[in-house]
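Down below is the structure, laid out as structure tokens.
Just so it is clear, none of the values below were taken in a lab; they were calculated from the coordinates. Keep in mind the model is a prediction, meaning the values are calculated, not measured. Cβ: placed from backbone, ideal geometry, glycine included. Neighbour counts: every protein chain shown.
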Amino acid sequence: DAKTTQPNSMESNEEEPVHLPCNHSTISGTDYIHWYRQLPSQGPEYVIHGLTSNVNNRMASLAIAEDRKSSTLILHRATLRDAAVYYCILRALAGGTSYGKLTFGQGTILTVHP
Amino acid sequence: GAGVSQTPSNKVTEKGKYVELRCDPISGHTALYWYRQSLGQGPEFLIYFQGTGAADDSGLPNDRFFAVRPEGSVSTLKIQRTERGDSAVYLCASSQSAGVYNEQFFGPGTRLTVL
């Protein structure tokens, strides 16, 4: 299975942008890049996903490198509520051991300062 | 609408006992997943169902763990002869189907403590 690597922790100030990196150098051509986050004492929640092109939604943006070996989750204006563990996860389009399930790593603990 | 619900929210049991954890998925979701999360770790996949059948049970740690989803809706995770190492938060998630385009919606989890 392709693996992802993320920094253990990052810090930001409120209302500033946050760029959370993820390396996935062994990604296959049909693996989608998904991001979930887990707020304290809650289950994870979906943030965004993409394949090749950059993606935007109401929560965040996802910037994917041209060679797809890395990606960055962008929170445009961090709020205190964005303090969470952020997980970068690869999901297979069809078949394979990463189909269906989510394989979580350690994630990045984001701390947001007032 | 209602999200994924899990009962009980907390369960304390003694080593060697049997426990059942229940998950009510979002109505209409055909895929249902079980994960467990130990303190300081990311969630670890256990099993997922597509409809009534287990599509992938490769994450179940041993034969003390078993899960069912007899009518394709509610699921029960069953743990026999519990051990202290089974203590964790057990998370359930559901999605419209198992495909990569479908986000998984997680419940709040059941915190299991084995004394």
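List the lysines whose Cα sits under 18 Å from the Cα of B:Lys11, skipping any in the same chain fewer than 8 residues away.
Correct list for B:Lys11: B:Lys78.
Have a look at chain A and give its Rg and Dmax from the Cα atoms, expressed in angstrom.
13.5, 44
Give the average, rounded to an integer, of partner chain Cβ atoms located within 10 angstrom of each Cβ in A:31-41.
2
Assuming a ≥ b ≥ c are the square roots of the Cα gyration tensor eigenvalues, decide whether segment A:45-91 counts as rounded (a/c under 1.5), prolate (otherwise, with a/b larger than b/c) or oblate.
Prolate is the answer for segment A:45-91, as a/c is 1.5 or above and a/b outweighs b/c.
Ratio of alpha-carbon Rg to the 2.2 N^0.38 Å globular estimate for segment B:1-110, to two decimals, please.
Cα-based Rg divided by the globular estimate yields 1.00.
Where does the charge balance sit around B:Leu32 when Lys and Arg score +1, Asp and Glu -1, over other residues with C-beta under 13 Å from its C-beta?
Spelling it out: positives minus negatives among the neighbours equals -1.
Taking a quarter of the surface of the Cα convex hull of segment A:1-58, what do you get in nm²?
Taking a quarter of the hull surface, the average projection is 5.4 nm².
Can you list the lysines whose alpha carbon sits under 22 Å from that of A:Lys3, skipping same-chain ones fewer than 8 residues off?
Cα-Cα hits under 22 Å: A:Lys69, A:Lys101.
Which whole-number percent is the relative contact order of segment A:1-62 (Cα, under 8 Å, 6+ apart)?
After rounding, I find 23 percent.
Given Cα pairs under 8 Å that are at least 6 residues apart, what percent is the relative contact order of chain A?
Once divided by the residue count of chain A, the mean separation gives 35 percent.
Of the chymotrypsin sites (Phe, Trp or Tyr not before Pro) in segment B:1-38, which ones lie in a loop per DSSP and count no more than 11 other C-beta atoms within 10 Å?
Hits after loop and neighbour filter: B:Tyr18.
Evaluate the Debye formula for segment B:47-94 with equal point scatterers sitting on the alpha carbons, no solvent, and hand back log10 of I(q)/I(0) at q = 0.15, 0.18, 0.19, 0.20 Å⁻¹, in q order, two decimals.
The Debye formula, applied to the Cα set alone, gives -0.40, -0.58, -0.64, -0.70.
Counting Lys and Arg as +1 and Asp and Glu as -1, what is the net charge of the other residues whose Cβ lies under 12 Å from the Cβ of A:Ala83?
Result for the local shell: -1.
What percent does the relative contact order of chain B come to when contacts are Cα pairs within less than 8 Å and at least six residues apart?
Result for chain B is 37 percent.
Tell me the trypsin sites (Lys or Arg not before Pro) within segment A:57-93 that lie in a loop according to DSSP and have at most 14 other beta-carbon atoms within 10 Å.
A:Arg58, A:Lys69, A:Arg77
Net charge near B:Gly59, counting Lys/Arg +1 and Asp/Glu -1 over other residues with Cβ under 11 Å of its Cβ?
Neighbourhood net charge equals -1.
Using only Cα atoms, what is the ratio of the radius of gyration of the protein assembly as shown to 2.2 N^0.38 Å?
Rg over 2.2 N^0.38 Å, computed on Cα atoms: 1.02.
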